[in-house]
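Take a look at the structure set out below.
A short reminder: the numbers here are calculations on the coordinates, not readings from a lab. What you see is a predicted model, and the numbers here were worked out from it, not measured in a lab. All Cβ positions, glycine included, derive from the backbone under ideal geometry; neighbour counts span all protein chains shown.
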Amino acid sequence: MIRTFAATVAAVTAFAALAASTAAQTLPNIVEPARPVLKAEATITGGIVRIGDLVENAGIIANVAIFRAPDLGQTGTVPAEAVVEAVRAHALVGLNTAGIGEVVVTRASRAIPVAEIAQSVARALSVRFNLGDVKDIAVDFERDPRMIYVEPNAKGDPRVARINYDQRSGRFNAMLEIPTSAAKQGILRLNGHATVTTDVVMVSHNVQRGALIKNADLVVERRPRAQVGHDFIADRTHAVGMAARSSLQTGQPLRNDQLMKPELVQRNETVTLVYQVPGITLTVRGKAIEGGAEGDVISVLNEQSKRTVQGVIVGPGRVVISTGSPRLAANLPPSSGN
């Protein structure tokens, strides 16, 4: 009988252990909710700061607004004590500040630089008042506008809705529409001056008459078109390889009439005179009475006949008399001497 009781106790004990093991496997684990923790920094979209923006694991009160957000594009700080006090009113207790003294809060935005605003005004002036290429229009505002910040989801670019322009003074006033996330556009009023400019080529140092112009001698600057007049040189390739017709001063826009082809013949230089008439080509020595560049007509003393003739410079120290006119033919040296 005692043996039967012992067997029964053993069976009951084994069954209890099995039941406990089965219960442990089937019953869900009870997990404590994560403790709310203060964030060190936050980026906000919109005009208000919510509890969930500043606190991890805020739970059902994450969307509750507690502070006003900084202005678009700006950054501010919130003391940790202020956050603790604000969330306490919404039954959030036990906030772990993690040793953070203040939270850095940044308002998300899209930046519109001042250069983009000026570009919009220049584009409107170009189209509506026929001022030429946009890149040639310099816009100066009476009060420099600051960089504009709009909501990150704001669509489109600044657009000039209205603009007035005085051709004589260059003064303008404009109304600029700024994109926003709402259907209504923001408005910015601007006043200033617009100047049509152009590239001008200048020498970087004083250049003496007759000196050959090299690329290193030149600089290109933008100047108001009204100040440079006409016949100015805008492309340095038109000046490189030319010679100064007169002395050139630093800072003065170069004009075409200030340059000439390089002199191939100097005054009083000994040259070769080439006489060309139909069927005859003769060469004699001559003395240049004046200097000149290729293609120039100069006076040369024929040292053989002692007569002054005119010819065209065709190369360094070489002047050609090439016409069948009676006047030039009369200047030919005697054929027996050639």
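The eigenvalues of the Cα gyration tensor, multiplied by 5 and square-rooted, give segment 200-322 an equivalent ellipsoid with semi-axes of 37, 13, 11 Å from largest to smallest.
Given the C-alpha centroids of segment 256-298 and segment 137-158, what is the distance between them in whole angstrom? Centre-to-centre (Cα) distance: 62 Å. Residues whose amide H lies under 5 Å from that of Glu41, counting only those 5 or more places away or on a different chain, are Val104; hydrogens are built 1.01 Å from N in the peptide plane.
Loop-located GluC sites (Glu not before Pro) in segment 92-192 (DSSP state other than H, G, I, E, B) with a sparse environment of at most 16 neighbouring Cβ atoms within 10 Å: Glu142. For Arg222, neighbours were defined as the other residues whose beta-carbon sits under 15 Å from its Cβ, and their charges (Lys and Arg +1, Asp and Glu -1) total -2.
Here the contact order of segment 154-276, divided by its residue count and restricted to Cα pairs under 8 Å and six or more residues apart, works out to 20 percent. For segment 112-197, the Cβ-based charge dipole about the Cα centre amounts to some 260 debye (Lys, Arg positive; Asp, Glu negative; other atoms uncharged). In summary, the lysines within cross-link reach of Lys155, defined as a Cα separation below 21 angstrom excluding same-chain residues under 8 places away, comprise Lys184.
Label-to-label distance for Ala211 and Val277 is 4.6 nm, based on points extended 7 Å past Cα in the beta-carbon direction.
Taking label positions 7 Å along the Cα-Cβ direction at both Val196 and Arg162, the computed distance is 2.6 nm, reported to one decimal.
Amide H contacts of Thr180 (H built 1.01 Å from N, in plane; Pro and chain starts excluded): Lys155, Gly186 sit under 5 Å, all sequence-distant by 5 or more or on other chains. Electrostatic bookkeeping for Arg171 treats Lys and Arg as +1 and Asp and Glu as -1; over the other residues with beta carbon under 11 Å from its beta carbon, the sum is -2.
With N denoting the number of residues in segment 37-108, provide Rg(C-alpha) divided by 2.2 N^0.38 Å, to two decimal places. For segment 37-108, the normalised Cα radius of gyration is 0.99. Starting from the Cα of Lys287, draw a straight line to each of the aspartates and glutamates and keep only those under 19 Å, dropping any in the same chain fewer than 8 residues away. Counting by Cα, and skipping residues close in sequence, Lys287 has these aspartates and glutamates nearby: Glu263, Glu269, Asp296, Glu303.
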